[in-house]
1. Answer yes or no as to whether ARG38 is farther than 30 Å from THR238 by Cα, in a loop (DSSP other than H, G, I, E, B) and either of a type outside the set (A, V, I, L, M, F, W, C) or not assigned by TED's automatic domain parsing to the domain that holds ALA244 (or both).
2. So which helices (runs of 4 or more DSSP H) are wholly in region 193-295 and hold at least 2 residues that are under 27 Å from ARG63 (Cα atoms) and not hydrophobic (A, V, I, L, M, F, W, C)?
3. Does GLY127 satisfy the criteria of being small (Gly, Ala, Ser), touching a Cys at 6+ places or on another chain (Cβ under 9 Å) and not assigned by TED's automatic domain parsing to the domain that holds VAL45?
4. Inspect all residues belonging to region 103-114 and state whether any of them is more than 21 Å from the chain's Cα centre (by Cα) and either more than 23 Å from PHE232 (Cα to Cα) or polar (S, T, N, Q) (or both).
5. Identify, by number, the condition in (1) farther than 27 Å from GLY127 by Cβ; (2) at pLDDT 90 or above; (3) touching a Gly at 6+ places or on another chain (Cβ under 8 Å) that TYR242 doesn't meet.
6. Tally up the residues in region 45-83 that are touching a residue at least 40 places away in the same chain (Cβ under 8 Å) and not in a helix (DSSP H, G or I), please.
7. Please go through region 145-178 and give me each residue that is of a type outside the set (A, V, I, L, M, F, W, C) and more than 24 Å from TYR21 (Cβ to Cβ), ordered by number.
Amino acid sequence: MRLSEYLRDYLAERPGLSVQYGRRLAASVRMLSAHAGREVSLEDVDRAMLADWARAMLGDHQRPASVNTKVKHVFTLLLAAYDDNLLDRPPRRVRRVAEQLSPPEAWTVDECRSLLAHLTTFTGRVGSRPASDWWVSVVLAIYWTGARISSLLRSTVDDYSPGEGLTVHERKTGKAKWHALPESCCEAIERVLPQSGPIWPWPMHPRTLWLRFRKYVEAAGLPCPRTHTQLFYRLRRTNASYCAAVDPSIAQRQLDHASPETTRRHYLDPRIARQKSAADVLPDPTPRPRLRVVG
């Protein structure tokens, strides 16, 4: 059975998976077949092929994290195929490519203020709503909830409690989480709140949302990551980092992570979520200048 054929069955039997994740799986399968020069079957793929594919991707200057993700996509399908009795033996794991992880980067509250100030200058409309109100409310909602943008845009009028908070349905986990919101955020949401349906409908192609936001972030003078898909994650990390500065467990609960290590490793900007370090507790050994006695 071809790997691409099994992918269709895999996705059909798991309707809870996000469309974006399904597309990433399909892209990884296509890339592996392109590397092999043929449509690979389930029986074709072994650890040697995956390792050779990983080396080829690194040779094409793909980031180690991206290489690991693509190999993991295919391994996940092979493991599921074994569970479905389509393979005689379980797949053997490929050693991960070493990643040089940089500390997570968030925006500081001053940078968020600069972004919001820039967004308030907008003219035009997003759908039937003023563009400035639409963008300000989205940024504030992510700032206060830490929600993923894909999950936030699923929110409907029924998910909002006027003056109180918002229930966000996470696409990745399938869970619904209620977030209390301050008055300023509630006022921003209520300026764009329709009578029914989604609170933040986006009338253009989904990719345009990220391209526009990157343009606005750059115009506001904020630091931008290399990939536009990570821009809204800066706000998610801002939320987590300021929570962790008070109590790391708050950040973990806010993002609904099972492991505190996931929160620390991928979301906490050490400039904001600063824990006590050697500089805070060690005595300073630098000799003090001696006083000179005159006369």
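1. Working: farther than 30 Å from THR238 by Cα: yes; in a loop (DSSP other than H, G, I, E, B): yes; either of a type outside the set (A, V, I, L, M, F, W, C) or not assigned by TED's automatic domain parsing to the domain that holds ALA244 (or both): yes.
Considered against the rule, which asks whether it is farther than 30 Å from THR238 by Cα, in a loop (DSSP other than H, G, I, E, B) and either of a type outside the set (A, V, I, L, M, F, W, C) or not assigned by TED's automatic domain parsing to the domain that holds ALA244 (or both), ARG38 comes out as yes.
2. On the way: elements: 206-219, 231-246, 248-255, 260-267, 278-281.
Those helices (runs of 4 or more DSSP H) span 206-219, 231-246, 260-267.
3. Working: small (Gly, Ala, Ser): yes; touching a Cys at 6+ places or on another chain (Cβ under 9 Å): no; not assigned by TED's automatic domain parsing to the domain that holds VAL45: yes.
Taking the combined requirement at face value, the residue does not satisfy it.
4. Yes; the residues of region 103-114 include at least one that is more than 21 Å from the chain's Cα centre (by Cα) and either more than 23 Å from PHE232 (Cα to Cα) or polar (S, T, N, Q) (or both).
5. In the conditions (1) farther than 27 Å from GLY127 by Cβ; (2) at pLDDT 90 or above; (3) touching a Gly at 6+ places or on another chain (Cβ under 8 Å), TYR242 misses (3) alone.
6. 2
7. Quick first cut of region 145-178, residues of a type outside the set (A, V, I, L, M, F, W, C) only: 145-146, 148, 150-151, 154-156, 158-165, 167, 169-175, 177.
Listed by number, the residues that qualify are ASP158, TYR160, SER161, PRO162, GLY163, GLU164, GLY165.
The values are calculated or read from the model by the stated rules, or taken from the named source; none is laboratory data. This one's a predicted model, so the numbers in the text were calculated from it and none came from an experiment. Glycine also receives a Cβ, built like all others from the backbone with ideal geometry; neighbour counts cover every protein chain displayed.
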